[in-house]
Amino acid sequence: MKKIRLTGLIACLLLVTLLSFLIGRYQNDNPFKLLSSNNLFRQLFLQLRIPRVLTALLIGSGLALAGLVTQIIFQNPLADGGLLGVSQAAGFGAALGILVFRGNSIWVQLFAFGFGVIALIISMLISGRIRGNKILSLILAGIAVSAIFSAGIGILKYLADPVDQLPAIVFWLLGSLAGSTWPVLIRTMIIILPLMIFFWFYRWRLNLHAMDKEIAFSLGLKNKFELWASLLASVLLTSSIISISGIVGWIGLIIPNYARMIAGSDTSNSIPVTLLLGAIFTMICDDLARALLPGEIPLGIFTAFLGALMFIGLLVNKEKIA
Amino acid sequence: MKKIVSILIGVIFLISGCSYLGSSPSYQKTIIDALGREVELSSEPSRIIIIGKQAPMLTNFMYLFNTTDKKLLALEKRSQSADEFLKLIDKNIDKKFKLERGAGAEQVVPLNPDMVILKTSMRDTIGKPLEDLSIPVVYVEFENADQIYRDLRIFASVLNEEERGEDLISSYQMYYQKIQDLLKVSNSSEKPSVLLLQAESEDQKYIFKVPPANWLQTDMVEKAGGIAVWKEANLAGGWTEVNMEQISNWNADMVYIVNYQGQSPEIVKNLKNDEIWKNLNAAKDERIYAFAYDFLSWDQPDPRWILGYGWMAFRQNPQSISSTDIQNLIKDYYQKFFTLDESAIEEKIDPMVADYFK
């Protein structure tokens with residue numbers, strides 16, 4: 001049964017990918033024919049559409065996976081990879097990059113990534129000074145760090161040039177894959193794939209994090225080290241994706257819950273389903289973002305809208321979450 | 001007794017003298033601003049401040065009048081600065097107060113202005129606090145030709161230069177009619193499809209945006225004899241980002257590239273070498289143009305809008321309007337509107353715009 005579901009999801013992914021290749025603002029009745037006859041369409045297809053669809057696929061599966069890992073570690077289905085202030089800090093870093101380097105994309109991405117990591121370190125340092133439950137103290141530290149960087153974003157938005165910098169910051173904070181080209185896709189792959197491979201091989205032991213401390217220890221989990229290593233990898237995955245796509249919310253929160261509904265809590269089943277669902281969901285959202293209206297719509301708007309609808313669906317059927 | 005009488009006489013003289021000093025020359029004026037508000041003035045404004053959104057453009061409009069250099073009190077620092085141009089027409093511009101961007105009531109009030117000029121959209125954030133402090137605030141819009149004429153009359157009334165205001169409006173209308181007459185003799189039966197894009201450079205990539213259908217840029221393209229291809233998309237609310245697929249789908253006959261940092265020539269050069277752009281009709285016909293720019297871009301609600309309109313008419317109808325027609329218009333415009341002499345125009349303006357006519 002589970003194999004059939006997985007095969008169905010793989011077929012669905014292939015279908016959505018193919019459809020995404022065929023959907024775009026460049027209207028055409030027969031794209032296959034145009035590919036051979038129309039040089040403009042061929043360039044658009046090869047240079048822009050393919051890398052953008054594949055980038056959506058990658059960042060969607062990456063964000064969903066980071067969300068799943070975070071939910072397992074915190075044993076909380078409402079956690080996501082942006083916890084611990086990573087999202088807001090990455091947003092702050094990107095806004096600072098836009099302001100200081102006037103939109104140089106490499107610096108914007110480096111700043112976003114760098115500040116995401118800084119937020120993680122600060123959250124960990126603060127939680128280290130709080131007595132009591134380590135997981136709870138990490139979440140509380142994350143809320144505080146998130147608020148600080150959120151205020152920082154507000155200051156940068158106030159300082160930004162309203163003609164060119166402010167719209168760039170706002171658009172970036174809402175997430176977009178409009179700038180996806182082959183070099184961006186390759187950069188995304190270099191960052192994301194190693195972390196995804198790490199979690200793939202580590203998926204068996206991830207199950208242990210979901211158990212009580214004592215049971216996990218008796219099963220051989222070196223709790224502290226492995227906890228931090230998994231958390232660090234998850235946050236690195238999130239902040240590196242945010243550095244490329246901007247803040248794209250809800251994927252890391254909602255997709256793992258649906259993946260568990262489909263595949264159960266065992267990570268050897270839920271990880272592949274999470275990867276597939278995350279990719280499908282993000283590709284559909286990005287198709288809408290780039291093709292629904294003549295103007296490019298920020299990706300985060302669709303992930304938030306569809307994600308919230310799915311969240312309502314989860315709440316209505318909450319007995320299935322367990 | 002004599003002493004008392006002389007003291008009384010002295011007091012009477014003193015009182016009459018004080019009452020004479022206290023009465024200002026009778027000045028009563030009511031200005032109806034762009035929001036339809038009536039602003040009562042009991043003295044002629046001589047300490048005017050322009051702040052908020054598009055302050056440099058509003059300042060340029062005010063400098064079309066003769067007494068602005070004496071009456072304008074402060075300038076606000078904004079991203080698109082008009083300062084370099086204003087130095088040509090006001091030698092004392094550097095002596096004016098400089099307000100930081102985003103200046104509000106707390107920065108304005110200490111300067112003791114007797115009039116503040118704002119865009120209508122700034123009323124809630126800046127205007128109302130100033131109104132509450134009994135500082136006269138006049139709101140203007142300057143977003144399309146009709147509003148420009150109306151708001152020039154408002155400025156004329158504020159500055160007590162009604163005659164100059166009417167001169168300016170009739171000059172604008174005269175230029176506009178002249179260009180329209182040239183367009184009428186055009187033999188071309190088909191209007192070119194036109195795409196106007198604001199391009200922001202980001203590393204080696206560009207982000208492209210189109211203006212809303214109801215903005216001046218869209219109106220200028222159509223009045224200059226073109227079809228604004230983005231208009232049907234009915235985008236509103238400000239510049240909207242469009243992707244390369246949409247630009248290719250429009251595949252307009254002509255493309256204008258606007259950049260408010262003056263980098264549009266460089267951007268156009270790069271686009272002409274881009275593999276996707278090379279396949280667009282506009283590139284094949286060599287009709288991708290950097291939008292004309294001297295100290296500011298000519299596409300926006302600034303006194304130069306008429307130059308932008310004339311330049312677009314020339315670009316869209318080269319068979320009926322020559323570059324000389326528009327270059328003569330530029331000379332005439334700067335002489336008439338900003339009272340620049342011919343040598344200053346040849347030295348400062350002409351070199352900046354020459355490349356936009358090639």
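Probe radius 1.4 Å, ligands and nucleic acids left out: which of B:ASP83, B:ASP285 has the largest accessible area, and how do the rest follow?
On the way: B:ASP83 50, B:ASP285 95 Å².
Output order, biggest surface exposure first: B:ASP285, B:ASP83.
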Counting DSSP beta bridges with both ends in the protein assembly as shown, the antiparallel % (nearest 5): 40
Extension gain from B:SER121 to B:ASP69, taking 0.36 nm per residue of separation minus the Cα-Cα distance: 16.1 nm
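For B:GLU131 and A:LEU18, FRET efficiency with R0 = 45 Å and r from the beta-carbon atoms, rounded to 0.05? Don't skip to the end; give the middle numbers.
On the way: r = 60 Å, r/R0 = 1.34.
Calculated transfer efficiency: 0.15.
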Residue-averaged 222 nm ellipticity for chain A, from DSSP H runs of 4+ at -39500 (n - 2.57), nearest 500: -26000 deg cm²/dmol
Buried accessible area, chains B and A (both chains, 1.4 Å probe, Å² to nearest 100): 2500
In sequence order, calculated HN-Hα J values of the range A:29-46 (Karplus, 6.51, -1.76, 1.60; Hz; x Gly/Pro): 7, 10, x, 5, 5, 4, 4, 8, 9, 10, 5, 4, 5, 4, 5, 4, 5, 6
For the range B:265-358, convex hull volume per residue from C-alpha positions, Å³: 99
Sites matching GluC sites (Glu not before Pro) across the range B:63-149 that sit in DSSP coil, with at most 14 neighbouring C-beta atoms within 10 Å: B:GLU100
Nearest-ten-degree value, helix B:305-316 long axis tilted from longest Cα axis of chain B: 10
Whichever lysines have a C-alpha closer than 22 Å to that of A:LYS3, once near sequence neighbours (fewer than 8 apart) are set aside: A:LYS320
Qualifying lysines (Cα of each under 29 Å from Cα of B:LYS269; at least 8 residues distant if same chain): B:LYS191, B:LYS205, B:LYS209, B:LYS223, B:LYS231, B:LYS278, B:LYS284, B:LYS331, B:LYS348, B:LYS358
Nearest-10 value in Å² for the accessible area of B:VAL109, using the 1.4 Å probe: 60
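By how many nm would the segment from A:ASN39 to A:ILE190 grow when fully extended, if each residue of separation counts as 0.36 nm and the alpha-carbon distance is taken off?
On the way: separation 151, 0.36 × 151 = 54.36 nm, distance 3.04 nm.
Here the answer is 51.3 nm.
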Chain A: relative contact order in percent, alpha carbon pairs under 8 Å with at least 6 residues between: 31
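Provide the net charge surrounding A:ARG290, with neighbours chosen by a C-beta distance below 11 Å and charges set as Lys +1, Arg +1, Asp -1, Glu -1. Walk me through the numbers on the way to the answer.
Working: positive: A:ARG25, A:ARG49, A:ARG52; negative: A:ASP286, A:ASP287, A:GLU296, B:GLU241, B:GLU245.
In short, -2.
Looking at the calculated P(r) for the protein assembly as shown, what percent of the C-alpha pair distances fall above 37 Å?
On the way: 116456 of 230860 pairs.
Value for the protein assembly as shown: 50 percent of Cα pairs lie more than 37 Å apart.
State which helices in chain A qualify, where a helix is a whole DSSP H run, it must extend 18 Å or more along its own axis by its Cα atoms, and its mean Kyte-Doolittle hydropathy must be at least 1.6. Show your work: numbers first, answer last.
Working: long enough: A:2-22 (30 Å, 1.70); A:50-74 (36 Å, 1.78); A:86-100 (21 Å, 1.67); A:105-128 (34 Å, 2.01); A:134-159 (37 Å, 1.83); A:182-209 (38 Å, 1.06); A:223-245 (33 Å, 1.12); A:267-291 (35 Å, 0.99); A:299-316 (26 Å, 2.46).
Qualifying helices, which must be both long enough and hydrophobic enough, are A:2-22, A:50-74, A:86-100, A:105-128, A:134-159, A:299-316.
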Percent of beta bridges antiparallel (DSSP, chain B, rounded to nearest 5): 35
Within a Gaussian network of chain A (alpha carbon springs, distance under 10 Å), most fluctuating of A:ILE247, A:ILE153, A:ILE121: A:ILE121
Partners for B:LYS77 among aspartates and glutamates (Cα-Cα distance below 20 Å; same-chain residues under 8 apart left out): A:ASP161, A:ASP164, B:ASP69, B:ASP90, B:ASP94, B:GLU100, B:GLU106, B:GLU141, B:ASP294, B:ASP302
Folded to 0 to 90 degrees: helix B:2-22 orientation relative to chain B principal axis, Cα: 10
Near-label residues of the range B:95-115 by backbone N, under 15 Å of a point 7 Å along Cα→Cβ of B:SER42: B:114-115
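Where does chain B land at 222 nm, in deg cm²/dmol rounded to the nearest 500, when only DSSP H runs of n ≥ 4 count, each adding -39500 (n - 2.57), divided by all residues? Can you show the working numbers first?
Values: 15 runs with 147 residues, N = 358.
Calculated at 222 nm, the ellipticity per residue is -12000 deg cm²/dmol.
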Label point distance in nm, B:LYS269-A:LEU110, each placed 7 Å from Cα along Cα→Cβ: 2.6
Simple spin-label estimate for B:ASN112 and B:ALA213 in nanometres, 7 Å along Cα-Cβ: 5.2
Ranked order, A:ILE126, B:ILE148, A:ILE139, A:ILE197 - accessible area, probe 1.4 Å, largest first: A:ILE197, A:ILE126, A:ILE139, B:ILE148
Degrees, to the nearest 10: B:145-159 long Cα axis against longest axis of chain B: 20
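For a Förster distance of 30 Å, can you work out the FRET efficiency between the beta-carbons of B:ALA354 and B:ASP181, rounded to the nearest 0.05? Provide the component values of the computation, followed by the final result.
Values: r = 26 Å, r/R0 = 0.85.
After rounding to 0.05, the efficiency reads 0.70.
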Cα-projected label distance for B:ASP332 with A:ASN317, points at 7 Å along beta-carbon direction, nm: 7.4
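Using DSSP loop states and a limit of at most 16 other Cβ atoms within 10 Å to flag trypsin sites (Lys or Arg not before Pro), what is the longest stretch of chain A containing no flagged site?
Working: sites that count: A:ARG129, A:ARG131, A:LYS222.
Longest site-free region, per DSSP loop and neighbour criteria: A:1-128.
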Within the range A:134-173: backbone nitrogen closer than 20 Å to the A:ARG205 label point (7 Å, Cα to C-beta): A:135
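The values are calculated or read from the model by the stated rules, or taken from the named source; none is laboratory data. These figures come from a predicted structure and were not determined experimentally. Every residue, glycine as well, gets a Cβ built from its backbone with ideal geometry; the counts of neighbours run over all protein chains shown. All accessible areas refer to the heavy atoms of the entire protein, side chains included, with ligands and DNA or RNA removed. Shrake-Rupley method; radii C 1.70, N 1.55, O 1.52, S 1.80 Å.
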